[in-house]
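Q: Before I ask anything, let me first share the structure, which is written out below as structure tokens.
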Amino acid sequence: MGKVVVVTSGKGGVGKTTSTAALGAALAQRNEKVVVVDFDVGLRNLDLIMGAERRVVYDIVNVIQGDAKLPQALIRDKRLDNLFLLPASQTRDKDALTPEGVEQVMADLKRYFDWVICDSPAGIERGATLAMRHADMAVVVTNPEVSSVRDSDRIIGLLDAKTMKAERGERIEKHLLLTRYDANRAERGDMLKVEDVLEILSIPLIGIIPESSDVLRASNIGAPVTLADAKSAPAMAYFDAARRLAGEDLPITIPGEKRGIFGKIFGRKAA
Ligand SMILES: Nc1ncnc2c1ncn2[C@@H]1O[C@H](COP(=O)(O)OP(=O)(O)OP(=O)(O)O)[C@@H](O)[C@H]1O
Ligand SMILES: [Mg+2]
């Protein structure tokens, strides 16, 4: 049975879709069988970032409404044959995703894939709670700024209340992915520092993705950054985050700084 991961945040525009594509591709680049699922009904961005927008015929709503079979809606990546996309529909009807329909799709996907990675819409409403409902693990995408951290805190509360795991009395595994991090701006006090974010959101850190024009460049050519430019700083940070998601224990480094984060925290205390 595959693992279901929700990529969520509360606040919009923090890098959920970018991270879904990059983590999904990074896991597929490690030969895992991966599907990325777009829950952002109405906006439909993941197909663009994956470079598959012209190949969308059927979507998750068509599958739920019985107009297409699941394999007909899955789009195989052109670069990696073990990476698939289940697109969102562009319908304006936000109720098109039903809880029963989502449950069936998730159960079917888990049987075929090692990883089912769900890109959540922004907010804390129905779309976001449906995206997290069947998750085994959550990646909480957060930018180093107060409003993003506050919304992540609310999402962590929802993960502990509104998921199937929580309702069964189990704990959902939660990981913090800090994105768009700029060490210089954090040093100047224009952004929160990593320690500040960790102090507020006490869930384990899975990675720090630097602010980088490589991310925009990758999205412009319709490729996850780990495929567009595997040697770039954000791609390397996503590769490490994917390894941690898969259970590897790697030390975390802050992009743009030489010392590891724990060296930094303890180094400062010892000084
Ligand atoms: N590490 C990064 N460096 C620079 N730009 C980034 C980085 N991560 C994301 N971005 C940019 O931030 C913008 C928002 O990213 P993205 O669409 O992934 O966010 P989102 O959380 O999915 O947004 P929404 O809530 O609207 O779905 C995009 O223009 C993206 O290219
Ligand atoms: Mg998005």
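The values are calculated or read from the model by the stated rules, or taken from the named source; none is laboratory data. Just so we're clear, the structure is a prediction, and the values are computed from it rather than from any experiment. Counting neighbours? That spans all protein chains shown, and the Cβs are built from the backbone with ideal geometry, glycine included. Accessible surface areas use protein heavy atoms only, side chains included; no ligands, DNA or RNA. Shrake-Rupley method; radii C 1.70, N 1.55, O 1.52, S 1.80 Å.
Q: Taking the stretch 38-56 as the region of interest, how many residues are open to solvent by 40 Å² or more (accessible area, probe 1.4 Å), more than 7 Å from ligand 1 (Cβ to nearest atom) and hydrophobic (A, V, I, L, M, F, W, C)?
A: Counting residues in the stretch 38-56 that are open to solvent by 40 Å² or more (accessible area, probe 1.4 Å), more than 7 Å from ligand 1 (Cβ to nearest atom) and hydrophobic (A, V, I, L, M, F, W, C) gives 1.
Q: Taking the criterion of being under 28 Å from Pro255 (Cβ atoms), in a strand (DSSP E or B), within 16 Å of ligand 2 (Cβ to nearest atom) and within 18 Å of the chain's Cα centre (by Cα), would at least one residue in the stretch 121-129 satisfy it?
A: No, the stretch 121-129 has no match at all.
Q: Is there any pair with a first residue in the stretch 3-24 that is more than 18 Å from Val116 (Cβ to Cβ) and at pLDDT 95 or above and a second that is more than 7 Å from ligand 1 (Cβ to nearest atom) and assigned to a strand (DSSP E or B) whose Cβ atoms are under 7 Å apart and which are 6 or more apart or on different chains, and what are they?
A: Here the result reads Ser9/Val140; Ser9/Thr142; Val14/Thr142, each pair linking the stretch 3-24 to a residue that is more than 7 Å from ligand 1 (Cβ to nearest atom) and assigned to a strand (DSSP E or B).
Q: Now, a different point. For the stretch 12-37, what are the residues that are open to solvent by 10 Å² or more (accessible area, probe 1.4 Å) and within 13 Å of ligand 2 (Cβ to nearest atom)?
A: Gly12, Gly13, Gly15, Lys16, Thr17, Thr18
Q: Does the stretch 3-11 include one or more residues that are within 16 Å of ligand 2 (Cβ to nearest atom), open to solvent by 30 Å² or more (accessible area, probe 1.4 Å) and assigned to a loop (DSSP other than H, G, I, E, B)?
A: Checked against the condition, which is being within 16 Å of ligand 2 (Cβ to nearest atom), open to solvent by 30 Å² or more (accessible area, probe 1.4 Å) and assigned to a loop (DSSP other than H, G, I, E, B), the stretch 3-11 yields at least one hit.
Q: Hey, among the residues in the stretch 67-92 that are of a type in the set (Lys, Arg) and without any contact (Cβ under 8 Å) to a residue 60 or more places away in the chain, which one's nearest to Phe113 (Cα to Cα)?
A: Per the stated criteria, the residue is Arg76.
Q: Hey, can you tell me all the residues within the stretch 57-102 that are of a type in the set (Val, Ile, Thr) and surrounded by fewer than 18 Cβ atoms within 10 Å (Cβ to Cβ)?
A: Val57, Thr91, Thr98
Q: Looking at the stretch 99-114, which of its residues are among the hydrophobic types (A, V, I, L, M, F, W, C) and closer than 17 Å to Lys165 by Cα?
A: Val102, Met106, Ala107
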